[in-house]
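**Q** Mind having a look at this structure? Questions to follow.
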Amino acid sequence: MQYAIELYYDKETEQKLYTLAKRVADEKLSKKFLEWKTRPHLTLACYNDVDEEKCILRLRKFASRQRQMPAYIGSVGMFPDTGTIFASPVMNESMYRFHRELHECFKDFDTVGWEWYRPDRWVPHCTLALTKEDGEDAFYKASDLILHEFRKMSGSFASIGLVKITFPVEEIFTVELEA
């Protein structure tokens, strides 16, 4: 089984991002992201076959040493090869440090096949649409819609969680970060 550790936004920011994703579905351009039933998030790391109890204990300990961080979402991006459209946070030192420390804390977990989430290769992104299964036209129409409706936003990264990568995603454990 495959797992991910995700960083979640405060409720207001999460709702704004979800609204953009929902607009893509409402316009019947692509529903795949909503079908995954996941919250707007940044994926910090992905692992293969973890011991869930061990991971939860370690995640709880890691989170107890962390504080909420500002989240400024200033742009939209795309991974054209996968048909993914996303909102991009503006990176800052606290996010880089948080990500590096998380990977250090979980360095003994199996990341084979998930190299793009490593600290030296990570492209932080909050997926808004997954259009690969919907055809090329859906990618361009969804991109256009998001580009027209996206507004820069500020909020915070408020919690961190462990999910099982299934369809739909199964949220296993979430812990709030210290305010």
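The values are calculated or read from the model by the stated rules, or taken from the named source; none is laboratory data. Everything quoted here is computed from the prediction, not taken from an experiment. Counting neighbours? That spans all protein chains shown, and the Cβs are built from the backbone with ideal geometry, glycine included.
**Q** Have a look at Glu6, Glu14, Glu101 and point out the one that is under 16 Å from Glu171 (Cα atoms) and assigned to a helix (DSSP H, G or I).
**A** Testing whether each residue is under 16 Å from Glu171 (Cα atoms) and assigned to a helix (DSSP H, G or I) leaves just Glu14.
**Q** So, one more: Quick check on the range 137-150: of everything there that is surrounded by fewer than 16 Cβ atoms within 10 Å (Cβ to Cβ) and in contact (Cβ under 8 Å) with a residue 12 or more places away in the chain, which residue is farthest from Ile85 (Cα to Cα)?
**A** Glu149
**Q** In the range 109-132, what count of residues is obtained for those that are loosely packed, with under 15 Cβ neighbours inside 10 Å and at pLDDT 95 or above?
**A** 0
**Q** Give me the pairs, please: first residue somewhere in the range 36-59 and assigned to a helix (DSSP H, G or I), second residue anywhere and of a type in the set (Gly, Ala, Ser), beta-carbon distance under 9 Å, and either six or more positions apart or on two chains.
**A** Leu59/Gly161
**Q** So, in the range 41-65, of the ones that are at pLDDT 95 or above and of a type in the set (S, T, N, Q), which residue ends up farthest from the chain's Cα centre (by Cα)?
**A** Ser64
**Q** State whether one or more residues within the range 76-86 are touching a residue at least 60 places away in the same chain (Cβ under 8 Å) and of a type in the set (S, T, N, Q).
**A** No: the range 76-86 contains no residue that is touching a residue at least 60 places away in the same chain (Cβ under 8 Å) and of a type in the set (S, T, N, Q).
**Q** When you go through Thr19, Thr43, Thr38 one by one, which is the residue that is among the hydroxyl-bearing types (Ser, Thr, Tyr) and in contact with an Asp or Glu (Cβ under 7 Å, 6 or more places away or on another chain)? Show your work before the answer.
**A** Working: Thr19 fails: in contact with an Asp or Glu (Cβ under 7 Å, 6 or more places away or on another chain); Thr38 fails: in contact with an Asp or Glu (Cβ under 7 Å, 6 or more places away or on another chain).
Exactly one residue qualifies, and that residue is Thr43.
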